[in-house]
Each structure stands twice: as C-alpha cells, then as structure tokens.
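Trainee: Dumping the structure here so I can ask a few things about it.
Rule-based calculations on the coordinates, nothing more; no lab input. Remember, predicted model here, so these are calculated numbers, not experimental data. Note: ideal-geometry Cβ built from the backbone for every residue, glycine included; neighbour counts use all protein chains shown.
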Amino acid sequence: MAAEGDVVAQVLRRRANPTELLQILRETQEKLGWISPETGRAIASALGVPATRVESVVEFYSFLYDRPQGRYRILFSDNITDRMLGSLALFEHMLKRLKLKRGEVSPDDGVSVDLTSCTGMCDQGPAVLVNSRAVTRLTARRVDEICDLVRGGVPIAEWSSDYFRVEDNVRRADALLGSRYEPGSALSAAIALGRQGMLDEMKRSNLRGRGGAGFTTAVKWESCRNAPGADRFIVCNADEGEPGTFKDRVLLASYPERVFEGMAIAGFVVGAARGLLYLRGEYRYLLEPLMAKLEAMRRGRLLGASICGAQGFDFDIDIHLGAGAYICGEESALIESLEGKPGKPRIRPPFPVTVGYLGKPTVVNNVETLAQATEIALYGGRTFAGRGTRRSSGTKILSVSGDCARPGLYEYPFGVRVEQVLKDCGTSDVAAVQVSGPSGVCLTPDEFRRHVAFEDVPTAGAFMVFGKDRDLFEVARNFAHFFAHESCGFCTPCRVGTTLMRDALDKIADGRGSRYEINDLMRLAELLRRTSHCGLGQTAGNPVRDTWAKFRPAYERRLIRGEFDPAVDLDAALARAREIAGRDDAAAHIGAEA
Amino acid sequence: MSATDATILIDEVQVPFAPGQTILEAALSAGVYIPHLCHHPEFEPHGSCKLCSVVVNGRNASACTMKAAAGQEVEVDTPDLHAYRRTLVQMLFVEGNHFCPGCEKSGNCQLQALAYDSEMMTPHFVEFYPRRPVDASHPDVLLDFNRCIQCELCVRASRDIDGKSVFALAGRGMASHIIVNSPTGKLGDTNFSAADKAAHVCPVGAILIKRVGFSTPIGERLYDLEPISEEATRCAVGGEK
Amino acid sequence: MSAHAEASALPKVRLATTSLAGCFGCHMSLLDIDERIFDLAKIADFDRSPLTDIKHCGPCDIALIEGGVCNAENIHVLRELRANAKILVAVGACAINGGLPAMRNRLDVGDILDEVYRDADDVRSHVPSDPELPLLFDKVYPVNEIVRVDYFIPGCPPSAEAIWKYLNDLILGRMPRLDHELLHYD
C-alpha cells in the first residue's frame, strides 16, 4: 500500500490536472501493473474528481486494467493479416504451454495472454505486445522462447533485442519518403514565406487530409486561424488504429522531424503555441525515441521559444499516449481522450477548428498530412499540386500487407491504379483487396483498374491483399468482431448493432445460419450507416455488405439449412440439464429438424 | 430576418424556429412530434438514442443535436425512418431485460410508449438476457439496471443540478453500464436522496421511488390516456414536463 | 357480419393452439371473446388445442402459440405446429420475449434444479432423471428464436378484444394491426 501511494504521489508531482487523467493512469499502471480501487480513489481524491470519473476511464480503455494482469501481459494482434500468417495457432500454442485460458491470469508466472485489435505490424507479423512493447515476426520457436523467459521471470529489458526489431520496410519511396531532408529546412522556408504566404502555399497545394477523411488542410488551418479566441492548438493524430494501416508508424520512427516541423508550421500559420501528439498505445515503443527527438529539436532551436530565431514564433509539443481504443482515431473522440475522458465522439457541429481541445480552436491533422506540409513549405504548393490528380494532389503512402511478396510502405502519386500496386508488391491470383481497412472497401479483380484517389478509391493507407484461397467470409467476420469490440457504446445503433452483426456472422460460421441472418445483416448495415453517431458505426456494415455482394458463395456454402435456423444449438442448450440429471438417453437430445 | 420569417419545413409543413433552437425543439414547440428518448428540455442535447433520426436536405441527422436553420427541409414521417426507429427500439429492448408486465414504470415508460408508437410487435432480435444488478440498498430509491438505456439523464442531473455526481457511465461498447459513486458501489452508501432531480429524470424504470409502484390503475396511466406522440407535443407546447 | 353468411359455404378455417411455457392466461383471454366463440365456430374448427384435447396437429391455417420455449417437449410441439400451420402467431409476452419464465435466464439451470430437488439433509435426494421427463434448456427462449414466426400479438395477456381483432384480420385476409388502445405489452 505504501509503495502504491509513493508511485501515485510521484506521478501526480508531474501531472496535476484532471485533463491528464489518462496519462496519470497509464504512468501509474506502468509501475503498479493495474489500477486498484484504492489507487483509483487516491488519484481521484488528489485531482478533486469523483472516483467514478476514474473508474469510467479505466473501464473504457482496453489497456487500462482494474484487476491484476500478471507481471507479463501478452496481447496477440488479431488483424486478419496476423491470422493469415498463423497467429491463432501460435496463440493456442502459447496458452497451452503456459497452461492458461484466454485472458486468465496465472498465479505462479504472473502472466496473462489475450487478443487485441491490430497493432500496426501487419508487414512483419504475427505480432504481439508484451507489456506494451511490440514483438514482431512471431514463430513457434519464438513463442517457446518467450514462454521460457516468462517462466524464468526474466525482465523484458533483458530479452533479445531481435524480438523488438521493427523494420521500416519502405519498398517504394517517392517525394516524401525518398527525399534527403535537412532538419529545420521546412521551418526556415515557412518562416521566410510568412504566415499568410505559407497558408497561400497550402491553398495552392490542395493538400487533403491523409488520415482517411480527406478534408482540405488549408481550409482547416484557415478556419482555426479565424476562429475567435486567444489559445489555439495543433493536434497530430497518430492513433493509426485502422487495421492494416502502419504508414504513420514508419513516419514517426524514421521521419519524426518531418512530422514535428509540420506541426510547428501549422502552429505558425494558425497562431498556436502548443502542439500535442496523440500516439496510440500500441506504439509505446516509440515514446522514448520521440521524446529524445523533441529534446534534440529544442536544443537546436527548432522547437520552443523563437524558433529558428523568429521572434514571436513559439511552439512546443507534448506527447500523449492512447490506451487501446480505435475510436480515439476519430478527431473529436481523440480530443475527449486528450482531456482525460473516455473517447466518445462529440456532437458535431461545432467542429474542433472552433471548439476543440479544452474548448479552444484546434487543428487535428494526421501524421502524414503534417509531414506533407513540410514538402509544401520547401517546394511550394504548385509543385505539390503538380503530382497526383486534380482532386487528389500530391503523393500518398500506402501500407501494403497480406498475400504479397513484399509487404511494407509504398508511396505513389495519387491516381495510381490498384493493379499497379499489386504488381509492385508482388502478388499473383489475387481474390480481393481491402482498401482503407474494415471501414473502407473490398475490391475484386474487375475493379483493380480503379485509381487510389479521393474521387475513386479513397484510403487512409491500408491495403490488404487476399489471395485466391482466402475465405472472404472469415475476413468479414474478423472485421465484425473488431467493430463490436471497438464501438464506444454511446449510440444505440452502433453499440447494439455491431454486436448483433458479429453474432449473426458467428452463427453463420457455426453452420447454423440462414437467409434470415443475411436479411438482418443487410438491414442492420443500412441502419448503422444512416443513424450512427460517427464513422465507426456508419462504416461497420461495409465489410458484410461488400463481401455478401462480391463473394456470395463464401456465405452460401455455410447457409446449409433452409430459411431459418434456431438462435441456439438446441442440443447444446440441453447439456447442462443432461449433466445435472445424469442422462444421455435419446430423449435427452434434440436432433436437427426432420 | 424577423422571428416570423425563420421557418423550416418538416414533412412539407412550415415550422417556425427561434435562433439557437434545435430541429427537435422547434418541432415540439410547434406541436410537431419527432420521436425522442434521451432528450429532456432541461438538459443539453445528448444524441445517443438516435430515435430522433431524420433526414435534413437529403442528409442523415439527429433532430435533437442539429440546430434549425433557414432553408432546411426535414423528413420525419417516411417509411424508411419509421423502420429505423422501430429497429432502434427493438435493439434497446433486446439489449436489456425489459419485462413490462412486472415493471412499476409500465404505462408511464417512454421506451414502452415509443415502442407502441413505432408499432413494435416483437423485439425481433435474439434477446441478450444480460446479467445486470438490482440495487435496493437505498431506503427510498430502487435502481434496476435491467432497464437502463444509457441516456445519462441521471448522470447529468446528479452532476449538474444536484451537484452530487452520484452516477457515471463506465465501460465501452456493450459493456457500458451506470456506476454509483461510493466505495461499495451501492446507492445506499451515497448522499443520494429521493428529492434529488436525478431521482425523477429516468425515462424508464431504472430509477424508481420505493413504495409508490403501481399506484395508478391500468387504463389511467400516462400513456394509457394518450400516445406519446400526443403527450410529448402537448407538454412541449404547454411548457410542462 | 355479412361475410359470415357467405363464409358458411367456404371451407372452415382450421385453428390450432398450444401453451408451451405459458400460464394459459392468453388462452383464458381468448375465451374472453365470450359468445363470439359461436360466430367463430361457424367459420372455424379447432385442430390440436387444449380446448379440443386433440393431441397431434394436422394441416391447419393458423396456429396460436402461447408461452416461451423452456424444455425439450416444447420443441417437439412447436416444430409440429410450425410444420403444419400456414400462419404461426406468437401470442403474449412469454411467447414473444420469454416473459416471466425467462427471468430464470440469469441463473444457471443446474443450480436451479439443485435448489429445487436436492435436499441438503438427504444425500439420496437427486434431480429427477426419468427418460420420460423433458429436460430444461439452459435458458427460456422466445418462440421466434426457435421457429419462424409470422405474426405477434403482445400483451400479458393481450385482451380478448386484441385477440379477436387480430384473428378477424387474419381470417379475412387483412393486414393485422392493433391500434393504440389494443396494443400493450403488459
């Protein structure tokens, strides 16, 4: 108890504001392993908030725990690409070796093993998180080694660094990834242009957000600049939770100055002095390198007061970590999370550019968008707009994974055809490509001549390839589980609907589905699209709609029994009574209908 | 633009609005019914139940959160929207344990009344039968979470009007649930009182004053006398709630 | 009802009814149509029903199902009725959402059987296991989770007026509807 109190006191010495509650809980948990009721109450008391405020935050985020999880918390990334690489067999193997059930905490070894949503290592999976640290390229042997290390109580700091190696896998570099960059050069260029001049270049560039929504960045910056109020903020959205997306991971790992200078340039234009990087919890391993980079930039006068000597240009950046909630990639939910609350999307309008972080005008931009701003500062908007298409200017980084020879990052000018990407990453006999993750679109070979662009096939970057033997029904089912797990729960259609859709697909997978489920699935998909509070619910039905329309046989071979099947396996529903009554005669069973 | 000039069209009918009003507020004030459940005139819009889903100039919107503006053409009474509302009510029914015959709120319950209004004949979906607690620890108020629809009216009332913050919404997705602000998690260990606003805002039977159940005979309860579509607009126009 | 002067020349409508895990309150409510049962008898015959004591159902037009599905025997009855009825109607709260019997759904059925049949003081007491006894399901299920249901008449029970209105609509081929006065879940 005394040790707990010390840890809490230590954390609270650095962070005393209720808006920092998520960071306080994360840092406390890193030392204590979990947030006990006493710890929660101590934090609530110190911050002057009700204890229920702390409880509601702990219960919302997947990576905050209100019960012990063991000295080693091992989470298997469960994106469809991980499964295609055999992750489930490795998961079962580890559970067996450690004699655990999924999610159970072992008393001796102090270890628990569970599944988690895509961790952004699709190009080098199967991947796990061990106490928030990413381990890539799992094999049966690596699983065995980890089990031994866990059994032996070996601290993670002493594990082989090879486990934690994350490659960039840049396969095709273009303007952004391929250019040699002189740190500070974009900042100097922006300062030389002046605030209005830089905004004009952004307008000329026609840069659109690279996080998926594609909103025109210059419009966003200008609206924020013109919004009433004194304080403004620049937020970099590095939540990158859409399964199959890992391009921001590489930008943050190997091009961080492009991102940070982009933030500062945004601050310069809109008149913000503070920037916040919202880094997804799954990229925890990047926190120390990023903080070191910020320190180096401060030493080099590229951050802080009077950047590059420019009077009045003050800008600095804090890093906030997420804690396992895909919904926090939605900009208003992200802001809620930055304010130390559960990540539930706000009512819009108003939008963040007028009422954002702490109610102040805030620009929320994707990592890649901000990096591209440095390109525009250096080479001008017209040069930028000269690449890509008329309505989708510049280059786009795709993160390619799945059934391809060379998974990784591919940067192309917008307008590139899907078939070109497939050729470059090394594929043959492709059945489907899921572009922009589960909330995107599933394309079939007859559509591969389409263009990656906002006006045709838009994407935040995810590009998952499925070979001809892949089961597209199982792809849709994996995505349905994802949405049900990640729904924030605020609005009726998404909270209940994503679970209903998941359950219907599970029923079909169990061989007990019929046209009845298909009808319900289509109705639910439409209801969620029309009435959900945010994009998660609105797109949750996309995978089942697309795959039913384009891969009907994958469903039909499972719809084996007529027009209607009972909600439960009736014979299994009698099992408990059979056990208690000690019966196994014929009348103790229910067969299928004659 | 004078007040009389500011109108929107709701199902082809001109409806006046005052600056700052939402579409739902403007409609109810004018006696035009848009179904709603998590809305309460004394609180800021919540936007969670989605029963007030409408189409505004061809785009989907929640009438309770969208501000009325000149030029809006709002569709409320269409077959599509009817079907969506019915499905949303069905979802709320299967999500909890809504056993009307045994519930003290029956006949005065907004969820039930909306289900009647949308002609819900069956909850349709597979019932979840969740295990949810009942908290009878408080001497005067019963909490039955089987019926909670997560509108957060109790949360907001307790925090903003009573100044007590007795309730909060915790968890994510289907695991969302109301929690009570006491070390035991029980209402009896809080300073909650039956006189609190939060004790009287629940639109369903999740928060009930003890010892007054079934006090009104069947046939004379609020929604026996008139459908919610009439009751809601009568109150809004007359200023009651 | 001028329709029923012509109706006597038409083949009679065959009705079947059953109460599964129900209290028979919906059947009592049906019988509350009182003397209108004579009008009904002119145009309809009852097949399998507690009213006729016919044990097995043949082809019929409308089957009224009261009660939810709680044990294996309910399945056999329900399947027979669904197979033989053109139209299947779930009547009452129990048939529609499990109703009062479904309040046991939050408990483990094994614990329930133990509680009821095992006596802590008598080691010989046991849960009955005769093969003729139908076993209980883990949960009580609404009828529409077991078979396809065509129509629903809510109520606990629905009033005689509601049942009469609905039955008339079905027999006369109208879209069945209950207006505000007749539609209630309690």
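Trainee: Of the beta bridges DSSP finds with both residues in segment A:171-385, what % are antiparallel, to the nearest 5? Before the final figure, lay out the partial values.
Mentor: Numbers: 2 of 19 bridges.
Rounded to the nearest five, the antiparallel share is 10 percent.
Trainee: For segment A:151-170 and segment B:107-180, what is the centre-to-centre distance using only Cα atoms, to the nearest Å?
Mentor: A separation of 46 Å, based on Cα centres.
Trainee: To continue, here is another question. Helix-derived [θ] at 222 nm for chain A: sum -39500 (n - 2.57) over DSSP H runs of at least 4, divide by residue count, nearest 500?
Mentor: Values: 25 runs with 259 residues, N = 594.
One gets -13000 deg cm²/dmol as the mean residue ellipticity at 222 nm.
Trainee: When you look at the Cβ of every residue in C:143-149, what mean number of other chain Cβ atoms sits within 10 Å?
Mentor: 5
Trainee: Hey, can you grab everything whose amide H is under 5 Å from the amide H of A:Val416? Only 5+ residues off in sequence or another chain; H modelled, so Pro and N-termini drop out.
Mentor: Distant-sequence amide H within range of A:Val416: A:Val452.
Trainee: Considering only DSSP beta bridges with both partners in chain A, what is the antiparallel share in %, to the nearest 5?
Mentor: The answer is about 45 percent antiparallel.
Trainee: When the Karplus curve 6.51 cos²θ - 1.76 cosθ + 1.60 is applied with θ = phi - 60°, which whole-Hz ³J(HN,Hα) does each residue of segment C:105-120 get, with x for Gly and Pro?
Mentor: Each residue of segment C:105-120 in turn: 5, 7, 9, 6, 5, x, 5, 4, 4, 4, 4, 6, 9, 8, 9, 4 Hz.
Trainee: Let me ask you something else. Distance between Cα centroids, segment A:205-226 to segment C:129-176: provide it in whole Å.
Mentor: Going from one Cα centre to the other spans 57 Å.
Trainee: What distance in nm lies between label points placed 7 Å from Cα along the C-beta direction at C:Val123 and B:Ala194?
Mentor: Going by the 7 Å Cα→Cβ label model, 5.2 nm.
Trainee: In whole Hz, what ³J(HN,Hα) sequence does segment A:226-232 give by Karplus (6.51, -1.76, 1.60; θ = phi - 60°), x for Gly and Pro?
Mentor: 7, 5, x, x, 8, 8, 9
Trainee: Going through the cross-link list A:Lys31/A:Lys96; B:Lys164/B:Lys210; B:Lys164/B:Lys186; A:Lys293/A:Lys344; B:Lys50/B:Lys105, which pairs have a Cα-Cα distance over 25 Å in this structure?
Mentor: Pairs exceeding the cut-off: A:Lys31/A:Lys96; A:Lys293/A:Lys344.
Trainee: Inside 10 Å of the C-beta atoms of C:150-157, what's the mean count of C-beta atoms belonging to other chains?
Mentor: Across the residues of C:150-157, the mean count of other-chain Cβ atoms within 10 Å is 3.
Trainee: Taking every residue in A:49-55, how many Cβ atoms of other protein chains lie within 10 Å of its Cβ, on average? Don't skip to the end; give the middle numbers.
Mentor: On the way: counts 1, 8, 7, 14, 5, 2, 6.
Per-residue shielding by partner chains comes out at 6.
Trainee: Same structure again: Enumerate the lysines that C:Lys139 could reach by cross-link, defined here as Cα to Cα under 19 Å, with residues fewer than 8 away along the same chain left out.
Mentor: Hits, sequence-local ones excluded: A:Lys507.
Trainee: What share of the DSSP beta bridges in the protein assembly as shown is antiparallel, in percent to the nearest 5?
Mentor: Bridges in the protein assembly as shown are about 50 percent antiparallel.
Trainee: When ranked by the protection proxy of mean other Cβ atoms within 10 Å per residue, highest first, what sequence do the peptides B:9-19, A:322-332 form?
Mentor: A:322-332, B:9-19
Trainee: Related question: Sort A:191-199, A:336-344 by the packing proxy (mean of other Cβ within 10 Å over each peptide's residues), most packed first. Don't skip to the answer; put the middle values down first.
Mentor: Values: A:191-199: 16.8, A:336-344: 23.4.
Listed from highest to lowest mean packing, they are A:336-344, A:191-199.
Trainee: What is the distance in Å between the Cα centres of segment A:261-319 and segment A:528-549?
Mentor: Centre-to-centre distance over Cα atoms comes out at 37 Å.
Trainee: Right, here's the next one. HN-Hα J couplings of segment A:24-40 from phi, Karplus 6.51/-1.76/1.60, θ = phi - 60°, integer Hz, Gly and Pro as x?
Mentor: 4, 5, 5, 5, 5, 5, 4, 8, 9, x, 6, 10, 6, x, 5, 4, x
Trainee: Anything over 28 Å Cα to Cα? Flag those among A:Lys99/A:Lys468; A:Lys101/A:Lys468; A:Lys396/A:Lys423, in the order listed.
Mentor: Pairs exceeding 28 Å: A:Lys99/A:Lys468; A:Lys101/A:Lys468.
Trainee: Around C:Ala16, which amide H atoms from residues at least 5 apart in sequence, or from another chain, sit under 5 Å from its own amide H, with H modelled in the peptide plane?
Mentor: Amide H to amide H, under 5 Å and 5 or more residues apart or across chains, C:Ala16 pairs with C:Asp47, C:Ile62, C:Ala63, C:Leu64.
Trainee: Still on this model: For the ranges B:37-47, A:149-159, A:527-537, what's the packing order if you count other beta-carbon atoms within 10 Å of each residue, average per peptide, and put the highest first?
Mentor: The packing order, highest mean first, is A:527-537, B:37-47, A:149-159.
Trainee: Can you tell me the dipole magnitude for the protein assembly as shown around its Cα centre, using point charges on the Cβ only (Lys, Arg +1; Asp, Glu -1), in Debye to the nearest 20?
Mentor: 3460 debye
Trainee: Count the net charge of all other residues whose Cβ sits under 11 Å from the Cβ of B:Thr122, scoring Lys and Arg as +1 and Asp and Glu as -1.
Mentor: -3
Trainee: What Cys residues in chain A have no fellow cysteine's beta-carbon under 4.7 angstrom?
Mentor: Cysteines of chain A left without a disulfide-compatible partner: A:Cys118, A:Cys122, A:Cys147, A:Cys224, A:Cys236, A:Cys308, A:Cys328, A:Cys442, A:Cys488, A:Cys491, A:Cys494, A:Cys534.
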